[in-house]
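Read the structure below first, then the notes.
Please treat every number below as a calculation from the coordinates, not as lab data. No experiment lies behind these values; they were computed from the predicted model shown. Cβ placement follows ideal geometry from the backbone for every residue including glycine, while neighbour counts extend to all protein chains displayed.
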Amino acid sequence: MTSGAILSCENLSASYDGRDIFCSVTFSLGAGLYALRGANGIGKSTLLRLLAGAQTPDAGRVLIDGVDLKKSSEKARGRLAYVPDECPVYPFMTGGEFLRFVASTKRVKLDDSANEFIAAFGLREHLDARFDEMSLGTKKKVMLCACWIGVPKALLLDEPSNGLDLASREYLIQRLQQAAREKTILFSAHDADFVLEIGAVTIEMTSLVGPTHLARNWGH
């Protein structure tokens with residue numbers, strides 16, 4: 001693991017129904033913006049789930065700001081935030097209840113960062129709505145607000161621009177660029193314009209014979 005890295009994994013492997021999705025993924029990332037790219041089905045979402053602790057790997061380990069995700073799960077989870085592409089929230093839960101739940105699990109209160117997102121996304125009037133009553137874009141906005149609760153050092157975002165209107169998309173880009181000065185932000189995106197506008201380093205995920213290969217493109 002590279003010294004000073006915020007997000008690291010070593011020999012990370014995953015399979016489904018006996019089929020290898022990827023194997024022996026190893027990398028270390030410091031503060032900055034990183035876009036995970038690759039063909040559909042290659043395992044980008046799976047990799048993000050493993051890094052977030054939402055799925056158990058077949059092998060390997062993950063460190064969040066130097067904390068082993070498996071050995072010290074609660075401590076490591078307190079240092080990361082994860083936004084999946086599909087909303088995993090109970091349909092009967094309201095937006096406000098979900099944000100308060102996330103804050104309680106992190107043992108913090110809703111702070112200015114989350115409230116600024118709520119205001120910028122125009123979510124205040126939607127916080128009493130149930131998730132099964134929300135549009136795709138509103139659900140995504142609530143999930144993105146939640147990832148700013150607490151003081152995460154690593155943000156893991158699966159297709160963060162999906163469903164966002166132009167103003168919300170531009171606000172998200174601005175905030176992620178600011179946060180990347182001190183946080184590691186790794187996201188997957190089919191939206192090439194979003195990757196270009198945000199100025200992320202691209203990490204191409206390609207399946208080779210043997211270990212899965214991740215190649216960085218520092219020229220964006």
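Taking 0.890 mPa s as the viscosity and 25 °C as the temperature, the Stokes-Einstein diffusion coefficient of segment 70-157 based on its alpha-carbon Kirkwood radius rounds to 186 µm²/s. For residue 7, the residues 5 or more places off, or on other chains, whose built amide H falls under 5 Å of its own are 29, 65. Taking each residue as 0.36 nm, the span from residue 56 to residue 101 lengthens on full extension beyond its C-alpha to C-alpha distance by 13.9 nm. Once the chain from residue 177 to residue 24 is taken as fully extended at 0.36 nm per residue, the excess over their C-alpha distance is 52.1 nm.
Centre-to-centre, using Cα atoms only, segment 82-106 and segment 155-211 are separated by 21 Å. Using C-alpha pairs under 8 Å with a sequence gap of at least 6, the mean separation divided by the residue count of the chain gives a relative contact order of 27 percent.
What pairs in 109/140; 106/139; 106/183; 71/141; 106/140 have C-alpha atoms more than 26 Å from each other? Before the final figure, lay out the partial values.
On the way: 109/140 21 Å; 106/139 21 Å; 106/183 18 Å; 71/141 32 Å; 106/140 20 Å.
Too far apart for the 26 Å limit: 71/141.
Near residue 72, no amide H atom lies under 5 Å from its own; only residues 5 or more places off or on other chains count, and H is placed 1.01 Å from N.
Amide H contacts of residue 82 (H built 1.01 Å from N, in plane; Pro and chain starts excluded): 156 sit under 5 Å, all sequence-distant by 5 or more or on other chains. Take segment 81-220, compute every pairwise Cα distance, and split them into 10 Å bins from 0; I just need the percent in each bin. The percentages, shortest bin first, are 11, 41, 32, 13, 3, 0.
Between residue 113 and residue 192, what is the FRET efficiency for a Förster distance of 30 Å, r being their Cβ-Cβ separation, to the nearest 0.05?
Values: r = 28 Å, r/R0 = 0.93.
It comes out at approximately 0.60.
Note: relative contact order over segment 75-164, using C-alpha pairs below 8 Å and six or more positions apart, is 49 percent. Stretching residue 68 away from residue 92 to a fully extended chain increases their span by 5.3 nm, per 0.36 nm per residue minus the current alpha-carbon distance. The Rg/Rh ratio of segment 1-102, with Rg taken over Cα atoms and Rh as the Kirkwood radius over Cα pairs, comes to 0.99. If both residues of a DSSP beta bridge must be in the chain, then about 55% of such bridges are antiparallel.
To make sure I understand, if each residue's beta carbon is the centre and we count other beta carbons within 10 Å, what order do 34, 16 fall in, fewest to most?
Numbers: 34 20, 16 10.
Taking fewest neighbouring Cβ atoms as first place, the list is 16, 34.
Compute, for segment 7-217, the length of the dipole vector about the Cα centre, with Cβ point charges of +1 (Lys, Arg) and -1 (Asp, Glu) only. Units Debye, rounded to 20.
On the way: 25 positive and 26 negative charges, 143 e Å.
Dipole of segment 7-217, to the nearest 20 debye: 680 debye.
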